[in-house]
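> Structure incoming, see below.
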């Protein structure tokens with residue numbers, strides 16, 4: 001099977017050979033040219049800069065909130081050359097630590113609720129229709145309203 005780049009190069013070569021119009025070549029290029037993987041992000045829309053042009057805030061891709069561009073708020077990007085350079089000079093992902101924590105907790109609670117409802121149905125405590133209705137009422141998305149530019153207070157160690 002031919003690779004996408006080979007098909008693209010063959011189509012462009014045929015266009016040149018048969019003196020195709022520039023409009024046709026442009027259309028084929030848009031259609032067949034290999035694209036880069038991943039989502040393209042306009043940094044001007046997802047970052048805020050200070051007067052010197054240094055990025056000081058990044059918009060979290062999950063919560064949509066702008067937060068300080070530091071490792072205290074965002075995960076460090078592990079792939080070389082990827083990520084947004086934060087104020088501390090570290091490349092950062094656009095996933096905030098707060099939003100990811102909220103999403104994980106939400107998923108844990110929804111999974112536990114579904115399992116409990118399923119167990120109740122299997123044990124005959126509730127009918128199947130009631131169980132399905134309860135599952136349908138579970139929240140569909142987490143609430144990211146608590147994501148803020150203020151770091152949460154550290155939890156006190158539990159007494160033994």
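Yes/no per residue for (1) surrounded by fewer than 15 Cβ atoms within 10 Å (Cβ to Cβ); (2) outside any loop (DSSP other than H, G, I, E, B); (3) in contact with a helix residue (DSSP H, G or I) (Cβ under 9 Å, 6 or more places away or on another chain):
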position: 45; (1), (2), (3): yes, yes, no
position: 53; (1), (2), (3): yes, no, no
position: 108; (1), (2), (3): yes, yes, no
position: 134; (1), (2), (3): no, yes, yes
position: 146; (1), (2), (3): yes, no, yes
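> Of everything in the range 7-25, what is modelled with pLDDT of 85 or more and surrounded by 11 or more Cβ atoms within 10 Å (Cβ to Cβ)? Give them in sequence order.
7, 9, 10, 11, 12, 14, 15, 20, 24, 25
The values are calculated or read from the model by the stated rules, or taken from the named source; none is laboratory data. In this text the structure is predicted, and so the values were computed from the model without any measurement. Here Cβ is always computed from backbone atoms with ideal geometry, including for glycine, and neighbour counts include all displayed protein chains.
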